[in-house]
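Reviewing the structure listed below.
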Amino acid sequence: MKPKLRFKEFTDDWEEKKLGEIAENFIGGGTPNTKVPEYWNGDIAWIQSSDIDKNSGKVNVEKHISDKALKNSAAKLIPSSSIAVVTRVGVGKVALLNHEYSTSQDFLSFVNVYGNPQYWFYEISKLMYKQSFYLQGTSIKGITKSEILNISTFCPSLPEQEKIGKFFSLLDQRIEKQERKVALLEEEKKGYMQQIFNQELRFKDEEGNNYPDWEEKKFLDSFSLIIDYRGKTPKKLGLDWGNGNIKALSALNVKKGYIDWNADVHMGSEDLYSAWMKKGDLKQDDILFTTEAPLGNTALIPDNKKYILSQRVIALRTNENCNPKFIFQCMNDFTFENQIQKRSTGTTAKGINQKGLSKIKIQLPSLPEQEKIANFLSLLDQRIEKEQEKLHLLKQEKKGLLQQMFV
């Protein structure tokens with residue numbers, strides 16, 4: 001068995017093995033008694049499933065335990081260069097640790113791996129992703145040690161393992177560098193927004209003069225139209241989706257500042273659109289706002305195509321005194337977000353209605369200054385989107401190479 005893509009100096013077939021054959025030992029974990037403080041004041045990393053990022057395998061250790069905790073619990077001290085695999089809550093997560101650690105009972109660690117640990121980290125990650133996919137939609141809560149160790153795979157010689165492991169490690173470093181670049185740009189924008197909406201940073205007109213002072217206004221006075229079709233479903237209209245080509249936008253699609261077209265998008269027919277959107281069509285730069293689950297996400301309608309406005313989201317159309325892109329940016333400022341949270345109701349799922357929105361006030365500059373602010377922040381958004389696209393392409397490149405360079 002050979003992969004589709006490999007380094008040209010390697011030609012031998014890969015050898016079939018079970019995961020139970022690739023390491024000297026396989027160690028589980030445990031949770032020390034949380035009611036004993038001296039168990040949790042040590043310097044031994046204690047890893048739980050929530051500490052591991054599913055996509056990258058990065059570990060953010062939240063808790064540490066003591067030697068006494070190890071002696072009085074099922075937790076074990078696991079050596080550096082071991083591979084930690086989540087077996088229960090969070091199946092599919094895998095991490096390669098470059099330091100000693102311990103884990104909860106939801107893990108199985110591969111200790112003293114035969115071969116290159118980096119290579120086996122990527123291979124096991126690929127295999128466990130498949131296992132998590134198989135378990136989706138079933139009542140099975142995890143995967144047993146014997147099931148993991150019985151998984152078959154193919155592996156190359158040690159020199160090829162080392163080259164593959166180093167190659168993907170370098171690719172991950174490129175991805176991490178790009179992630180940091182995106183994060184820095186996002187922090188830069190947050191800083192500018194804080195200064196702008198606190199009015200510490202002001203813009204001037206074309207002649208260098210100050211714009212008028214900002215005025216406090218009711219938030220809902222910024223809009224000429226509120227489009228709200230919450231509660232409507234095809235069934236209530238006596239129809240079905242109809243397999244058309246008109247996208248239905250729900251709260252699932254509206255993220256913080258953008259529309260996620262990869263989320264579950266229903267496609268509606270012309271008949272459904274006509275029956276559903278009787279109060280008005282969506283237009284370019286209408287502001288989408290999620291009223292619950294999740295609360296407070298916003299996005300701009302990108303064009304004048306037809307869209308069906310679906311569950312848990314409303315659309316806001318600004319009046320002639322307000323720039324839609326300025327109001328959109330205002331709604332993404334933490335001051336506005338705090339007001340939304342304060343006015344929300346509910347316990348398990350927080351939400352807000354128009355009565356709650358009517359009590360919110362915002363500071364509004366003159367229209368010319370709104371436009372300057374909107375243009376400035378939109379340029380920052382474009383820079384962020386450009387770098388996010390580079391990050392997305394790197395991740396797609398890695399995904400494709402993983403499929404081709406492993407059997």
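The values are calculated or read from the model by the stated rules, or taken from the named source; none is laboratory data. Here the structure is a predicted model, which is why all the values come from computation and not from measurement. Positions of Cβ are backbone-derived with ideal geometry, glycine not excepted, and every protein chain shown enters the neighbour counts.
Being touching a residue at least 12 places away in the same chain (Cβ under 8 Å), closer than 30 Å to PHE107 by Cα, exposed (fewer than 15 other Cβ atoms within 10 Å of the Cβ) and not β-branched (Val, Ile, Thr) narrows it down to one of LEU158, LEU149, LEU225, so name that one.
LEU158
Take the conditions (1) surrounded by 19 or more Cβ atoms within 10 Å (Cβ to Cβ); (2) hydroxyl-bearing (Ser, Thr, Tyr); (3) under 24 Å from the mean Cα position of the chain (by Cα); (4) farther than 16 Å from LYS256 by Cβ; THR318 misses just one of them, which is (3).
Of the residues making up region 219-256, those that are in a helix (DSSP H, G or I) and modelled with pLDDT of 95 or more number 4. With the checklist (1) modelled with pLDDT of 95 or more; (2) more than 30 Å from the chain's Cα centre (by Cα) in hand, flag the one item VAL86 doesn't pass. So the condition that VAL86 fails would be (2). Every listed requirement among (1) within 14 Å of VAL59 (Cα to Cα); (2) crowded, with 21+ Cβ neighbours inside 10 Å; (3) not β-branched (Val, Ile, Thr) is met by SER80 save one, (2). Within the option set LYS256, LYS232, LYS283, being under 30 Å from MET193 (Cα atoms), touching a Ser or Thr at 6+ places or on another chain (Cβ under 8 Å) and of a type in the set (D, E, K, R) holds for one residue only, LYS256.
On the stretch given as region 322-375, residues that are assigned by TED's automatic domain parsing to the domain that holds LEU300, part of a helix (DSSP H, G or I), under 30 Å from the mean Cα position of the chain (by Cα) and touching a residue at least 12 places away in the same chain (Cβ under 8 Å) total 19. Screening GLN178, GLN173 for residues that are free of Cβ contacts under 8 Å to residues at least 60 places away in the same chain, of a type outside the set (Gly, Ala, Ser) and in a helix (DSSP H, G or I) leaves exactly one candidate, GLN173.
Every listed requirement among (1) of a type outside the set (Asp, Glu); (2) crowded, with 18+ Cβ neighbours inside 10 Å; (3) more than 22 Å from the chain's Cα centre (by Cα); (4) within 20 Å of VAL59 (Cα to Cα) is met by HIS99 save one, (2).
Scanning region 2-54 for residues that are hydrophobic (A, V, I, L, M, F, W, C) and in a strand (DSSP E or B) turns up ALA23, PHE26, ILE27, ILE44, ALA45, TRP46, ILE47, ILE52.
Modelled with pLDDT under 95 and either touching a Lys or Arg at 6+ places or on another chain (Cβ under 7 Å) or closer than 22 Å to LEU402 by Cβ (or both) - does that describe any residue in region 152-160?
No, region 152-160 has no match at all.
Please enumerate the residues belonging to region 89-132 that are of a type in the set (Phe, Trp, Tyr) and outside any helix (DSSP H, G or I). Listed by number, the residues that qualify are TYR101, PHE107, PHE110, TYR114.
For SER56, the test of being modelled with pLDDT under 95 and either over 31 Å from the mean Cα position of the chain (by Cα) or under 26 Å from GLY115 (Cα atoms) (or both) is passed.
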